[in-house]
Structure formats: structure tokens, C-alpha cells
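Everything on this sheet refers to the single structure shown next.
What follows is calculated from the coordinates using simple rules that are stated; it is not laboratory data. Not measured: the values here are computed from a predicted model. We place every Cβ from the backbone using ideal geometry, glycine too, and count neighbours over all the protein chains shown.
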Amino acid sequence: YSLDEFGKARRSAVVRGFIDALTRGGPGGTPRPIELHSHDPLRYVGDMLAWLHQSSASEKEYLQSLVKNCSANVIQLEEILGNITEGVCTPFK
């Protein structure tokens, strides 16, 4: 149950971060918003996928550090990570 709640909270944070990366960019405008490259489809999609890759790696590290002392048969990291990153699918479309 706790991991499900963690996943829900992180999913919201990841979606919010993705939308911010698309529209606002990083803190102080660096990096610039991904949408500035929407005229170049290859770069635009590449930047979105790069953001998702980095975010997925970070979320996996957060999750692993959270459950490092738990029994391996209780935890399904891939399923939880999938639920976290699945939230980005709608804005990505």
C-alpha cells in the first residue's frame, strides 16, 4: 500500500515536471522549454524522450533507495516504475 501511494505521488510530480519542461523549461529558463523546438520534429521528440529517459532513471534510483532493505519477493519495481512514468503518456501524445 505504501509503495502504491509513493507511486501516485511520484506520478503526479513526474507529469508536472514533464509539462513544465515542455512549457517553461528549467529553473531560470535553463534549459529552455522543449516546445521551442516544436518546428523541428526530430529534435522535439528527441528532447522529450531524453527528458523521459532521465526522469525514469531518477525515479528508479528513488525507488531503489526507498526499498533497499525490503525483501525482494515483495517488491515489483518495474510495475511501480511503469505506473509512475505512465502518467507522461497523455501529455506525450
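Couple of notes before you dig in:
- Here is the list for the range 1-79: trypsin sites (Lys or Arg not before Pro) lying in DSSP coil, each with at most 15 other C-beta atoms within 10 angstrom of its C-beta, are Arg24, Lys68.
- Principal-axis tilt of helix 2-23 within the chain, Cα atoms, nearest 10 degrees: 10
- Acute angle (nearest 10 degrees) that the helix 41-66 long axis makes with the longest principal axis of the chain, alpha-carbon atoms: 20
- At R0 = 30 Å, FRET efficiency that the Cβ-Cβ distance of Lys60 and Thr90 yields, to 0.05: 0.90
- Crossing angle, helix 77-86 versus the chain [Cα axis fit, 0-90 degrees, rounded to tens]: 30
- Residue separation of Ser2 and Thr30 scaled by 0.36 nm, minus their Cα-Cα distance, works out to 6.6 nm of gained length.
- For Ser71 and Ala9, the FRET efficiency from 1/(1 + (r/R0)^6), where r spans their Cβ atoms and R0 equals 25 Å, is about 0.65.
- Length gained on full extension, His39 to His53: 2.8 nm, using 0.36 nm per residue less the C-alpha separation.
- Alpha carbon Rg of the range 3-93, scaled by the compact-globule rule 2.2 N^0.38 Å: 1.20
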